[in-house]
Amino acid sequence: MSTERGRIRITGFDPERVEEREPISGWTDEVGTTKGRTEQAWERFKRNRSAVGGALVIVTMAVLAVFARPIEVMSIVVQPFAIAPYDPAELGLLQGISAHKGPSVDHLFGTDHQGRDLFSRVIYGGRWSLSIGFIAVALALFVGVPLGAISGYYGGWVDELIMRIVDILYAFPFLVLALAVIAILGRGYWEMVLALTIVGWISYARLIRGEILSVKENEYVLAAKALGARDRSIILKHIVPNAMAPVIVQATLNVGVVVLAVAALGFLGLGLGPAAAEWGTILSYTQETIIQGPDGAIPWWVTVFPGLSIVLFVMAINLVGDGIRDAFDPQGETDTGGDRGGAL
Amino acid sequence: MALLEVEDLEVRFYTEDGVVNAVDGVSYRIERGEKFGVVGESGAGKSVTALSVMRLIDNPGQIEGGEIRFKGENLLDMDEEEIRSIRGSEIAMVFQDAQTALNPVYSVGEQIAEAIRLHLGYDDEAARDRTIEMLERVGIPDPADRYSDYPHQFSGGMQQRAVIAMALSCDPDLLICDEPTTALDVTIEAQILELLDELADEFGTAIQLITHDLGVVAETCDRVMVMYAGKPVEKAPVEDIYYDPKMPYTVGLMSSIPRIGDERDRLQTIPGTMPDLIQLPPGCSFHPRCPYAEEVCTQIEPPLVDPETGEPAEGVDAERGAACLAYTGDLQNELGYEVHVEGESHRSAVRDVEEITGGDTDV
Amino acid sequence: MSLRRYVIKRLLMVIPVLFGVSVITFSIMQLVPGDIVDVLLGMDPNADPEAAERLRQELHLDRPIWEQYLLWLAGVLQLDFGFSPITGDVSETIVTRLPATILLGAMGWVIALVLAIPAGVYAAVNKDELADDVSRIAALFGIATPNFWLGLMLLLVFSLWLGWFPSIPPDVSLLHPSMLWYLLLPAITLGTASTALLMRIMRSSMVEELNKEYVRTARAKGLPERTVVLKHVLRNSLISVVTVAALMTASIVDGAVVIEVVFSWPGLGEQLITAIGQRDLLVVQGIVLLVGVSIVIANLLADLVYAWLDPRIRY
């Protein structure tokens, strides 16, 4: 019958009539709204209850940390409030507050081995973890995103060089690399920030390079190139905004990873000074109480509460990160959790 | 009793964006050994209909209503085990893209032999022998050597032949082919269609051929159902579809087939695209794309009726049916198209030449 | 590409990475602020000047830096990591400590795989149902819980409160039953930490594979769902999970460092932390190099196993 096909012919079916006439009903093809991608993502994020819950937890913990004790800058008080009932550094033993006192109305989380109020120490401790978490991630982004973008966009020997460095750094586990940096620099706040930045930028560089490689072949980028747009303006206008969503998700989740690393370094005695009310550092002193258990009683609160605050914060940041991912990519089935450091 | 009777099938998908009426009131039957074509653009509900017959609709899809009777038994009433004994053994399926339809990590032979062992109860060696025999039958050279090859070592056409061998390996009564040649070159397409045709005759297998290409249907099928937006819009024996199409959508599909010796500058296509199934146009779903649409088309949904008599033709047994208000007497003007065959003019509807004149001249 | 060519190419790719790893490790000593000899001798102003001179000789500090590197590398290739003024021969320290870490790591790894793979498969098959939600929440806890704190809590509950385990390792050989019993808590701590991530990756890999067309073909053949999942889907998703399981070595090492400290386990991790605290940099250098090389080899093995499992590469 195929030979006969050529002999059938239809006349009078005139598609132009459809295009030329006024629409005969109010129905249109348009289903989606005209809102921008970011706006749509925000709408979806707001509807995600666990993500909003996570965000509230983070905000609450940040507020508690900031308002725990007054902040002075060059002996001018910029933040006069004090939510924490006690000075986190005040040695209760000297005031007649006994060490290892269980939770009570006076001391919600009990006291530690030097009679310090644990509740005050825990909410104040958020300052260290949260600030290092956000600063280290911001710095890592600042290094990793440009390097990854250059590497992915230009390719060639630049790409080769940057990716070899990334490969080499990837040969070291997250924490071991951070420990190596601290072995060189010694311990301290900025030393820790620097160590976690050196370790952290790699994942963004890799991620954004991959995104750019896939975006680069898109038609609109080729079109922009064909129209003679300059490289820099192509990267800034077309590629980076499209590749940013997964980077934002990764960065959010990495705040959690960094906070866990700060706690681990603190616990190992390689974070801040021993007196600092940082969560991991507090826990490093409770290890002795677990092994010995003073007077037969177990001061469980010194272990439980600082640990729970870490869990709470990291869980909240993960909920927010997952929420952002779902907001940008509602159908997505891939977990970006495949990066390192998740098991600290 | 017909081999397969599908009656008033309804399938919905519950997605985040809304309920998709993927298949809405589809009825048809396939006789033993018959070749039945299902035609339509992508999204018309052809594949969903086919998967429903296999009971392979996944979440979030649900078969919401109707009956699918195979040899008189309703497949929708069967439990999982009963339906499994039919899948692959009595009803088999050939998929669109053989490359993705084959599991990359098992050899082609193993994937065919697996079904033979399962349904025919052969031991490993007998299943291997039958597999090699089937591979040979579908035209794969050196079948014994290619048995242990992996899918990526086969060319596209060879992969599709292997999938056909797999489908026919347990001698099914019904073979559902879902766009079996879409992913292939035109030359290979013809070979594969010929092979299907030949094997179906030899094995006495009925075929339900799903395609968007009316040309493919012409070469293979006895009867045809045209689907649009989840609904059947025309049913007819294959000659009638070509020589006497009744539904404007079918006419549109026909006029978009490229022809040898066509002197026009460009192909006529149907304007616009298939509507989103979540938000169908009111009345006749085709009205936004139909050159003959009138206001009434936006108000009344046309039933499937016999175009000669205007009697309802929704049922399983209806041979001829078209869903257009032209046949229910609701349309003011006539459908102004004309089918020409071999120079003779074959009038499908009285045409108001003055009102609608296509810019074309006859060949 | 033939498998042999792939293997050769992959092996060649390891060389620049190993070179980079050695350079980074070597530079630990170079980057330390101040005179390295003073640092190694503990900044002791009364240190024996002869000892300082010996150390200077040993580290070839009088030579140009690239010569220092080559001499150091030559030593390392003969497993000579130097002689620490604090802990003596570094190689010996590593060799003594290594078995404990390997035992802990291997047990943790096995626990993670045994828990994560079935859990991930089960969650994927029951996607969006109760089991999937439970696994999601469990994974969230797993990811958010610091390793060391989980260890502390297990010690608190099972050693101190219930008294089932001693709280410090018994003084017996490594493979003694009571030692293995003690090891159970640290190994569970280490394993479960990696389980969360691996389970979610297993799940998403399974979900991705379950949506592929070959699954529909397998079902259309009439195969029971069990066969479809365990024969067709699992094999495909395990191929991609192999890579992740190898990458897990890195997080197992990280975990081991911290957990060894929690459980006073006499492994390399605990040694590393002590060495950093004492600025025993030769030991730090030796351990970091060993870790880096091990991870490179683990990743290499992962790629080779991947090639072996996936016929598309093997061919």
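The numbers here are math on the coordinates, done by the rules we state, and not lab data. Only a predicted model underlies this, so the values are computations on that prediction, with no experimental measurement involved. Note that we place each Cβ from the backbone using ideal geometry, even for glycine, and neighbour counts take in every protein chain shown.
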Backbone N within segment B:274-303 under 18 Å of label point (7 Å from B:GLU334 Cα along the Cβ vector):
B:291-294
Distance between the C-alpha centers of segment B:178-243 and segment C:261-280? Whole Å please.
73
Stretched fully, the stretch from B:GLN62 through B:GLU198 gains (0.36 nm per residue minus C-alpha distance, one decimal, in nm) 45.4 nm
Output the peptides A:41-51, C:241-251, B:106-116, C:3-13 sorted from most to least packed, where packing is the average of other Cβ atoms within 10 Å over each peptide's residues.
B:106-116, C:241-251, A:41-51, C:3-13
Is there a quick way to get the dipole size of chain B? I mean about its Cα centre, with the Cβ of Lys and Arg at +1 and of Asp and Glu at -1; what is the value in debye to the nearest 20?
460
In nm, to one decimal, how far is the C:MET179 label point from the C:ILE137 one, both placed 7 Å along Cα→Cβ?
4.1
Calculate, for C:LEU301 and B:SER256, the FRET efficiency according to 1/(1 + (r/R0)^6) with r their C-beta to C-beta distance and R0 41 Å; round to the nearest 0.05.
0.15
So the FRET efficiency between B:LYS71 and B:GLN191, C-beta based with R0 = 45 Å and rounded to 0.05, is 0.90
Specify which residue in the list C:PRO85, C:PRO49, C:LEU70 is farthest towards the positive end of the charge dipole of segment C:3-90, using unit charges on the beta carbon of Lys, Arg (+1) and Asp, Glu (-1), about the Cα centre.
C:LEU70
Output the 0 to 90 degree angle, nearest 10, between the alpha-carbon long axis of helix C:49-58 and the longest principal axis computed from the alpha carbons of chain C.
50
Rounded to whole angstrom, the alpha-carbon centroid of segment C:180-211 lies from that of segment A:155-176 at a distance of 27
Under DSSP H, which helices of chain B have Cα atoms covering 24 Å or more of the helix axis and a Kyte-Doolittle average no less than 0.5?
B:186-203
As an exercise, use a Förster radius of 45 Å and the Cβ-Cβ distance of C:PHE158 and C:THR243 to find the FRET efficiency, rounded to the nearest 0.05.
0.85
Multiplying the sequence separation of C:SER264 and C:LEU11 by 0.36 nm and subtracting their Cα-Cα distance, what value in nm do you get?
87.3 nm
In the structure shown, do any of B:LYS35/B:LYS71; B:LYS46/B:LYS231; C:LYS127/C:LYS212; B:LYS35/C:LYS212; B:LYS71/C:LYS231 have a Cα-Cα gap over 20 Å, and if so which?
B:LYS35/C:LYS212; B:LYS71/C:LYS231
Near C:ALA100, within a Cβ-to-Cβ distance under 9 Å, what is the net charge of the other residues, with Lys and Arg +1 and Asp and Glu -1?
-1
Angle, helix C:3-31 long axis vs. longest principal axis of chain C, Cα atoms, 0 to 90°, nearest 10?
40
Limiting things to C-alpha atoms, what are the Rg and the maximum Cα-Cα separation (Dmax) for the protein assembly as shown, in angstroms?
35.8, 117
Please give the contour-minus-distance gain from C:VAL110 to C:ALA51: 0.36 nm per residue of separation, less the Cα-Cα distance, rounded to one decimal in nm.
16.6 nm
Average other protein chain Cβ within 10 Å of Cβ, residues A:177-189
5
Spin-label pair C:ASN126/B:HIS212, simplified geometry with 7 Å Cα→Cβ offset, distance in nm
4.0
If the reach is capped at under 13 angstrom between alpha carbons, list the aspartates and glutamates near A:LYS216, excluding any in the same chain fewer than eight residues apart.
A:ASP231
How far apart, in nanometres, would the label points at A:ALA138 and C:LEU31 be if each is projected 7 angstrom from Cα along the Cα-to-Cβ direction?
2.4
